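Contents: one structure, followed by commentary.
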Amino acid sequence: TVVVRLVNLETSLQPDSIHLEVDGKAVTFDLLDGAPIFVLTHTPAVPLATTAAHTAQVTFTDEDGVQTFAWSFGAAAVTQPATLVGSSTLDGLFQIDTSAVLNVSTKTFTVPITGAQRFFRVNDASARTITQVGSTGASLTIAFE
């Protein structure tokens, strides 16, 4: 939820002139007119990602003309490559597979086939699901979302 408080002590803000944008798009908002404080509240239909940077801008008119205030909020996620971890048993110790090659654009790992049985997990800042495992020659391709 985005909440904006406008304190209007020295001018005559025109409440019907208030305009709010979030991430460059005009949004609807509830307005609590408690002059001299106006409170705008916007709750997006889809929650904003807390790990992403966002921008907001409020524009209104008073006797000095059009006033615009803009700001940024949120924080860009720290992006580090996902890692593939593996174990020879499902309840065993999963360790980083240093032979795995990550293709970031296709979200796949390629890893040499070793042993008769191997279990894998994708470690990342976000939860990841392995969606497909295929073999080509002596290599496995592990796709994830």
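The values are calculated or read from the model by the stated rules, or taken from the named source; none is laboratory data. This one's a predicted model, so the numbers in the text were calculated from it and none came from an experiment. With ideal geometry, Cβ positions are generated from the backbone for all residues, glycine too; neighbour counts draw on all protein chains shown. Surface accessibility is based on the protein's heavy atoms, side chains included, excluding ligands, DNA and RNA. Shrake-Rupley method; radii C 1.70, N 1.55, O 1.52, S 1.80 Å.
Apart from one condition, SER135 fits all of (1) open to solvent by less than 80 Å² (accessible area, probe 1.4 Å); (2) of a type outside the set (Lys, Arg); (3) part of a strand (DSSP E or B); the exception is (1).
Taking the criterion of being of a type outside the set (A, V, I, L, M, F, W, C), closer than 15 Å to THR141 by Cα and open to solvent by less than 50 Å² (accessible area, probe 1.4 Å), the residues of the range 84-102 that qualify are GLY86, ASP97.
In summary, ASN8 fulfils each of the numbered conditions (1) modelled with pLDDT of 90 or more; (2) surrounded by 14 or more Cβ atoms within 10 Å (Cβ to Cβ) with the single exception of condition (1). Does THR141 fit the bill of being open to solvent by 60 Å² or more (accessible area, probe 1.4 Å) and in a strand (DSSP E or B)? No, not satisfied. Do we find a residue being surrounded by 12 or more Cβ atoms within 10 Å (Cβ to Cβ), in contact (Cβ under 8 Å) with a residue 40 or more places away in the chain and hydroxyl-bearing (Ser, Thr, Tyr) anywhere in the range 103-121? Scanning the range 103-121, I find no residue that is surrounded by 12 or more Cβ atoms within 10 Å (Cβ to Cβ), in contact (Cβ under 8 Å) with a residue 40 or more places away in the chain and hydroxyl-bearing (Ser, Thr, Tyr), so the answer is no. The residue that is farthest from THR11 (Cα to Cα), among those in the range 21-46 that are in a loop (DSSP other than H, G, I, E, B) and of a type in the set (A, V, I, L, M), is VAL46.
Matching residues to (1) at pLDDT 90 or above; (2) open to solvent by 40 Å² or more (accessible area, probe 1.4 Å); (3) among the aromatic types (Phe, Trp, Tyr); (4) within 30 Å of ILE142 (Cα to Cα):
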| site | (1), (2), (3), (4) |
| --- | --- |
| GLN14 | no, yes, no, no |
| PRO36 | no, yes, no, no |
| VAL46 | yes, yes, no, no |
| THR79 | no, yes, no, yes |
